[in-house]
Amino acid sequence: MALNRQGAIGVFDSGLGGLTVAAALANALPHESMIYLGDTARVPYGTRSPATVVRYARTNTDFLLKQGVKLVIVACNTVSAHALGGLAEGATTPVLGVIRPGARTALARSRGGDIAVLGTPATIRSDAYLHAIHEVDPDRRVHAIACPLFVPLVEEGWLDHPVTTLVAREYLAPLAGTAVDTIILGCTHYPLLRAVISAVAHELIGHPVALVDSAEALAIEAGALLDRANLRAPDATAPGAHRFFVTDAPSTSQRVAERFWGSAVDGDSPLILEHVDVVTSA
Ligand code: DGL
(Lines give C-alpha, C1' and ligand atoms only; values in the text may rest on other atoms or scores of the structure.)
Protein backbone atom coordinates (compact mmCIF):
# COMPACT_ATOMS: atom_id res chain seq x y z
CA MET A 1 0.00 0.00 0.00
CA ALA A 2 1.42 3.43 -0.96
CA LEU A 3 2.14 5.73 1.96
CA ASN A 4 -0.05 8.77 2.27
CA ARG A 5 1.51 12.23 2.72
CA GLN A 6 -1.61 13.24 4.62
CA GLY A 7 -1.15 10.41 7.10
CA ALA A 8 0.01 11.13 10.61
CA ILE A 9 3.35 10.27 12.15
CA GLY A 10 2.80 7.40 14.60
CA VAL A 11 4.75 7.52 17.85
CA PHE A 12 4.69 4.89 20.56
CA ASP A 13 6.26 4.37 23.94
CA SER A 14 5.88 1.99 26.87
CA GLY A 15 4.05 4.80 28.64
CA LEU A 16 3.99 8.56 28.81
CA GLY A 17 7.71 9.35 28.84
CA GLY A 18 7.67 9.17 25.03
CA LEU A 19 5.71 12.42 25.10
CA THR A 20 9.14 14.08 25.48
CA VAL A 21 9.94 12.67 22.04
CA ALA A 22 6.48 13.55 20.68
CA ALA A 23 6.97 17.11 21.95
CA ALA A 24 10.31 17.41 20.14
CA LEU A 25 8.60 16.15 16.97
CA ALA A 26 5.72 18.59 17.37
CA ASN A 27 8.20 21.45 17.75
CA ALA A 28 10.38 20.44 14.82
CA LEU A 29 7.54 19.40 12.48
CA PRO A 30 4.58 21.62 13.42
CA HIS A 31 2.58 20.89 10.26
CA GLU A 32 2.66 17.14 10.72
CA SER A 33 -0.20 15.34 12.40
CA MET A 34 0.72 12.83 15.05
CA ILE A 35 -0.86 9.82 16.71
CA TYR A 36 0.75 8.95 20.04
CA LEU A 37 0.28 5.62 21.79
CA GLY A 38 1.42 5.15 25.38
CA ASP A 39 1.14 1.57 26.61
CA THR A 40 0.31 2.68 30.14
CA ALA A 41 -1.35 -0.66 30.99
CA ARG A 42 1.92 -2.56 30.48
CA VAL A 43 4.56 0.01 31.48
CA PRO A 44 7.40 -0.35 32.51
CA TYR A 45 9.20 -2.23 29.74
CA GLY A 46 12.68 -1.43 31.02
CA THR A 47 12.72 -4.22 33.58
CA ARG A 48 11.21 -6.89 31.28
CA SER A 49 12.78 -9.61 29.14
CA PRO A 50 13.66 -8.89 25.49
CA ALA A 51 11.00 -11.38 24.26
CA THR A 52 8.25 -9.54 26.17
CA VAL A 53 9.45 -6.15 24.94
CA VAL A 54 9.38 -7.41 21.33
CA ARG A 55 5.85 -8.81 21.75
CA TYR A 56 4.50 -5.58 23.24
CA ALA A 57 6.24 -3.50 20.56
CA ARG A 58 4.55 -5.54 17.84
CA THR A 59 1.00 -4.91 19.13
CA ASN A 60 1.74 -1.19 19.48
CA THR A 61 3.11 -0.96 15.95
CA ASP A 62 0.15 -2.87 14.53
CA PHE A 63 -2.23 -0.40 16.17
CA LEU A 64 -0.43 2.58 14.62
CA LEU A 65 -0.24 0.94 11.19
CA LYS A 66 -4.01 0.36 11.32
CA GLN A 67 -4.39 4.14 11.75
CA GLY A 68 -2.62 4.59 8.39
CA VAL A 69 0.48 6.32 9.75
CA LYS A 70 3.21 7.18 7.23
CA LEU A 71 6.10 6.77 9.67
CA VAL A 72 6.48 4.89 12.94
CA ILE A 73 8.65 6.48 15.63
CA VAL A 74 9.74 4.21 18.45
CA ALA A 75 10.13 6.76 21.25
CA CYS A 76 11.01 4.12 23.83
CA ASN A 77 14.74 3.46 24.25
CA THR A 78 14.08 -0.04 25.60
CA VAL A 79 12.04 -0.98 22.50
CA SER A 80 14.51 0.75 20.17
CA ALA A 81 17.27 -1.32 21.78
CA HIS A 82 15.55 -4.70 21.51
CA ALA A 83 12.93 -4.64 18.77
CA LEU A 84 13.75 -2.04 16.13
CA GLY A 85 15.32 -4.46 13.64
CA GLY A 86 12.35 -6.84 13.85
CA LEU A 87 9.76 -4.07 13.47
CA ALA A 88 11.51 -2.52 10.48
CA GLU A 89 12.19 -5.80 8.68
CA GLY A 90 9.95 -6.17 5.63
CA ALA A 91 7.82 -3.17 6.68
CA THR A 92 6.62 -0.81 3.96
CA THR A 93 6.21 1.96 6.53
CA PRO A 94 9.54 3.37 7.72
CA VAL A 95 10.38 2.81 11.38
CA LEU A 96 12.79 5.07 13.31
CA GLY A 97 14.16 4.55 16.80
CA VAL A 98 16.02 6.77 19.24
CA ILE A 99 19.30 4.90 19.72
CA ARG A 100 21.21 5.82 16.56
CA PRO A 101 20.28 9.52 16.57
CA GLY A 102 21.28 9.68 20.24
CA ALA A 103 24.60 7.92 19.69
CA ARG A 104 25.47 10.11 16.71
CA THR A 105 24.58 13.32 18.52
CA ALA A 106 26.74 12.24 21.45
CA LEU A 107 29.72 11.67 19.16
CA ALA A 108 29.15 15.07 17.53
CA ARG A 109 28.90 16.87 20.88
CA SER A 110 31.81 15.10 22.58
CA ARG A 111 35.22 16.70 22.43
CA GLY A 112 36.90 13.31 22.17
CA GLY A 113 36.37 12.20 25.77
CA ASP A 114 34.53 9.14 27.05
CA ILE A 115 30.75 8.85 26.60
CA ALA A 116 28.41 7.68 29.37
CA VAL A 117 25.03 6.11 28.63
CA LEU A 118 22.27 6.07 31.24
CA GLY A 119 19.27 3.83 30.57
CA THR A 120 16.86 1.22 31.88
CA PRO A 121 18.33 -2.19 32.81
CA ALA A 122 16.99 -3.68 29.54
CA THR A 123 18.53 -0.91 27.39
CA ILE A 124 21.88 -1.18 29.13
CA ARG A 125 21.90 -5.01 28.93
CA SER A 126 21.31 -4.80 25.16
CA ASP A 127 24.53 -2.78 24.56
CA ALA A 128 22.60 -1.04 21.76
CA TYR A 129 24.12 2.41 22.45
CA LEU A 130 27.59 0.89 22.73
CA HIS A 131 27.20 -0.77 19.32
CA ALA A 132 25.76 2.39 17.72
CA ILE A 133 28.71 4.45 19.03
CA HIS A 134 31.26 1.84 17.96
CA GLU A 135 29.73 1.67 14.46
CA VAL A 136 31.08 5.20 14.02
CA ASP A 137 34.04 5.25 16.40
CA PRO A 138 35.19 1.75 17.42
CA ASP A 139 37.77 3.05 19.88
CA ARG A 140 35.51 5.35 21.89
CA ARG A 141 35.32 4.44 25.58
CA VAL A 142 31.72 4.00 26.74
CA HIS A 143 30.47 3.76 30.34
CA ALA A 144 26.98 2.26 30.54
CA ILE A 145 24.91 2.59 33.71
CA ALA A 146 21.44 1.20 34.43
CA CYS A 147 19.36 3.63 36.51
CA PRO A 148 16.10 1.77 37.31
CA LEU A 149 14.93 4.16 40.04
CA PHE A 150 14.95 7.22 37.78
CA VAL A 151 11.69 6.23 36.01
CA PRO A 152 9.54 5.97 39.19
CA LEU A 153 11.13 9.15 40.59
CA VAL A 154 10.13 11.09 37.46
CA GLU A 155 6.64 9.57 37.45
CA GLU A 156 6.33 10.72 41.07
CA GLY A 157 7.31 14.24 40.00
CA TRP A 158 10.42 14.29 42.21
CA LEU A 159 12.44 16.15 39.62
CA ASP A 160 14.52 18.25 42.01
CA HIS A 161 13.96 16.33 45.22
CA PRO A 162 16.92 15.60 47.54
CA VAL A 163 16.20 11.86 47.24
CA THR A 164 16.64 12.11 43.47
CA THR A 165 20.01 13.81 43.94
CA LEU A 166 21.09 11.04 46.35
CA VAL A 167 20.02 8.36 43.87
CA ALA A 168 21.83 10.15 41.02
CA ARG A 169 25.02 10.33 43.14
CA GLU A 170 24.84 6.59 43.73
CA TYR A 171 24.27 5.72 40.05
CA LEU A 172 26.81 8.18 38.66
CA ALA A 173 29.53 7.37 41.22
CA PRO A 174 31.44 5.12 38.76
CA LEU A 175 31.96 8.19 36.55
CA ALA A 176 34.18 9.91 39.13
CA GLY A 177 37.71 10.21 37.82
CA THR A 178 36.76 9.17 34.26
CA ALA A 179 37.31 11.20 31.09
CA VAL A 180 33.56 11.44 30.40
CA ASP A 181 32.60 14.65 28.60
CA THR A 182 29.17 13.60 27.27
CA ILE A 183 26.25 11.73 28.83
CA ILE A 184 23.42 10.20 26.79
CA LEU A 185 20.03 10.40 28.51
CA GLY A 186 19.07 6.99 27.11
CA CYS A 187 15.53 6.80 28.46
CA THR A 188 12.38 8.78 27.72
CA HIS A 189 12.13 9.95 31.34
CA TYR A 190 15.65 11.19 31.94
CA PRO A 191 15.40 14.55 30.10
CA LEU A 192 13.20 15.67 33.01
CA LEU A 193 16.12 14.97 35.36
CA ARG A 194 18.53 17.00 33.24
CA ALA A 195 19.28 19.55 35.99
CA VAL A 196 20.02 16.92 38.66
CA ILE A 197 22.10 14.69 36.37
CA SER A 198 24.07 17.67 35.08
CA ALA A 199 24.86 18.95 38.60
CA VAL A 200 25.81 15.52 39.98
CA ALA A 201 27.96 14.68 36.93
CA HIS A 202 29.76 18.02 37.22
CA GLU A 203 30.39 17.40 40.92
CA LEU A 204 31.76 13.87 40.31
CA ILE A 205 33.73 14.41 37.12
CA GLY A 206 35.03 17.85 38.01
CA HIS A 207 33.95 19.72 34.88
CA PRO A 208 30.66 20.35 33.01
CA VAL A 209 29.49 17.57 30.70
CA ALA A 210 27.22 17.73 27.64
CA LEU A 211 23.87 15.97 28.10
CA VAL A 212 22.34 14.44 25.00
CA ASP A 213 18.61 13.93 24.63
CA SER A 214 17.91 11.65 21.66
CA ALA A 215 14.54 13.31 21.02
CA GLU A 216 15.83 16.40 19.24
CA ALA A 217 18.20 14.42 17.02
CA LEU A 218 15.40 11.99 16.21
CA ALA A 219 13.06 14.84 15.22
CA ILE A 220 15.65 16.15 12.74
CA GLU A 221 16.13 12.66 11.32
CA ALA A 222 12.36 12.20 10.99
CA GLY A 223 12.08 15.46 9.01
CA ALA A 224 14.91 14.40 6.70
CA LEU A 225 13.29 11.02 6.15
CA LEU A 226 9.93 12.62 5.25
CA ASP A 227 11.73 14.88 2.76
CA ARG A 228 13.63 11.99 1.15
CA ALA A 229 10.45 9.91 0.83
CA ASN A 230 8.38 12.88 -0.33
CA LEU A 231 6.05 12.35 2.62
CA ARG A 232 5.85 15.83 4.14
CA ALA A 233 2.30 16.99 4.94
CA PRO A 234 0.97 18.73 1.81
CA ASP A 235 -0.34 21.78 3.69
CA ALA A 236 2.67 23.62 5.12
CA THR A 237 0.52 26.34 6.69
CA ALA A 238 -1.98 24.45 8.87
CA PRO A 239 -0.85 23.10 12.24
CA GLY A 240 -0.86 19.31 12.51
CA ALA A 241 -3.55 17.55 14.55
CA HIS A 242 -2.43 15.47 17.53
CA ARG A 243 -4.19 12.46 19.05
CA PHE A 244 -3.03 10.70 22.18
CA PHE A 245 -3.99 7.13 23.06
CA VAL A 246 -3.26 5.21 26.24
CA THR A 247 -3.93 1.56 27.06
CA ASP A 248 -4.87 2.09 30.73
CA ALA A 249 -7.65 4.37 31.99
CA PRO A 250 -6.82 7.92 30.80
CA SER A 251 -7.75 9.47 34.16
CA THR A 252 -4.78 7.78 35.87
CA SER A 253 -2.36 9.26 33.35
CA GLN A 254 -3.45 12.85 32.79
CA ARG A 255 -1.25 14.55 35.40
CA VAL A 256 1.93 12.70 34.43
CA ALA A 257 1.17 13.11 30.70
CA GLU A 258 0.92 16.87 31.09
CA ARG A 259 4.29 16.93 32.81
CA PHE A 260 5.99 15.19 29.87
CA TRP A 261 4.16 17.02 27.09
CA GLY A 262 4.20 20.42 28.74
CA SER A 263 7.90 20.26 29.52
CA ALA A 264 8.87 20.70 25.92
CA VAL A 265 5.99 22.26 24.01
CA ASP A 266 4.64 25.80 24.09
CA GLY A 267 1.74 24.44 26.13
CA ASP A 268 -0.96 25.45 23.66
CA SER A 269 -1.73 21.97 22.37
CA PRO A 270 -4.54 20.37 24.35
CA LEU A 271 -3.66 16.96 25.71
CA ILE A 272 -6.75 14.78 25.53
CA LEU A 273 -6.05 11.15 26.34
CA GLU A 274 -8.21 8.52 24.63
CA HIS A 275 -8.37 4.88 25.70
CA VAL A 276 -7.53 1.94 23.42
CA ASP A 277 -6.94 -1.73 24.11
CA VAL A 278 -4.21 -2.67 21.65
CA VAL A 279 -4.29 -6.35 22.66
CA THR A 280 -7.94 -7.07 21.91
CA SER A 281 -8.06 -4.66 18.95
CA ALA A 282 -5.04 -6.39 17.32
N1 DGL B 1 10.18 4.31 27.85
C2 DGL B 1 11.21 3.57 28.57
C3 DGL B 1 12.56 3.83 27.91
O4 DGL B 1 12.79 4.83 27.26
C5 DGL B 1 11.25 3.93 30.04
C6 DGL B 1 10.05 3.44 30.83
C7 DGL B 1 9.95 1.93 30.86
O8 DGL B 1 10.77 1.26 31.53
O9 DGL B 1 9.07 1.41 30.19
O10 DGL B 1 13.43 3.00 28.01
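Checking 53, 98, 72 one by one, the residue that is among the aliphatic types (A, V, I, L, M) and away from the ligand (no atom under 14 Å from the Cβ) is 72 and no other. Of all residues in the stretch 111-137, those being within 21 Å of residue 201 (Cα to Cα), open to solvent by less than 60 Å² (accessible area, probe 1.4 Å), in a loop (DSSP other than H, G, I, E, B) and of a type outside the set (S, T, N, Q) number 2.
Of all the listed residues (37, 16), the sole one being open to solvent by less than 10 Å² (accessible area, probe 1.4 Å), touching a strand residue (DSSP E or B) at 6+ places or on another chain (Cβ under 7 Å) and touching a residue at least 24 places away in the same chain (Cβ under 8 Å) is 37.
Give the stretch 50-65 a look and list any residue that's open to solvent by 10 Å² or more (accessible area, probe 1.4 Å) and touching a residue at least 12 places away in the same chain (Cβ under 8 Å), or say none. Walk me through how you get there before you give the answer.
Our first condition is that a residue be open to solvent by 10 Å² or more (accessible area, probe 1.4 Å); within the stretch 50-65, this holds for 50-52, 54-56, 58-59, 62-63, 65.
Listed by number, the residues that qualify are 50, 54, 56, 58, 59, 62, 63, 65.
Only one of the numbered conditions (1) modelled with pLDDT under 95; (2) in contact with a strand residue (DSSP E or B) (Cβ under 9 Å, 6 or more places away or on another chain); (3) of a type in the set (A, V, I, L, M, F, W, C) is not met by residue 23, and that is (2). Against the numbered list (1) within 15 Å of the ligand (Cβ to nearest atom); (2) touching a His at 6+ places or on another chain (Cβ under 8 Å); (3) of a type in the set (A, V, I, L, M, F, W, C), residue 142 comes up short only at (1).
Any chance the stretch 91-100 includes a residue that's of a type in the set (Val, Ile, Thr), open to solvent by 60 Å² or more (accessible area, probe 1.4 Å) and in contact (Cβ under 8 Å) with a residue 40 or more places away in the chain? Checking the stretch 91-100: at least one residue is of a type in the set (Val, Ile, Thr), open to solvent by 60 Å² or more (accessible area, probe 1.4 Å) and in contact (Cβ under 8 Å) with a residue 40 or more places away in the chain.
If you go through the stretch 77-90 one residue at a time, how many are free of Cβ contacts under 8 Å to residues at least 40 places away in the same chain and within 12 Å of the ligand (Cβ to nearest atom)? Don't jump to the end; show me each part of the working.
Of the residues in the stretch 77-90, the ones free of Cβ contacts under 8 Å to residues at least 40 places away in the same chain are 83-90.
Checking the rest, the ones that are also within 12 Å of the ligand (Cβ to nearest atom) come to 83.
Count: 1.
The values are calculated or read from the model by the stated rules, or taken from the named source; none is laboratory data. If you're wondering where the values come from, they're calculated on a predicted model, not measured in any experiment. Positions of Cβ are generated from backbone atoms using ideal geometry, with glycine treated the same way; all protein chains shown enter the neighbour counts. What goes into the accessible areas is simple: the full protein's heavy atoms, side chains included, and nothing from ligands, DNA or RNA. Shrake-Rupley method; radii C 1.70, N 1.55, O 1.52, S 1.80 Å.
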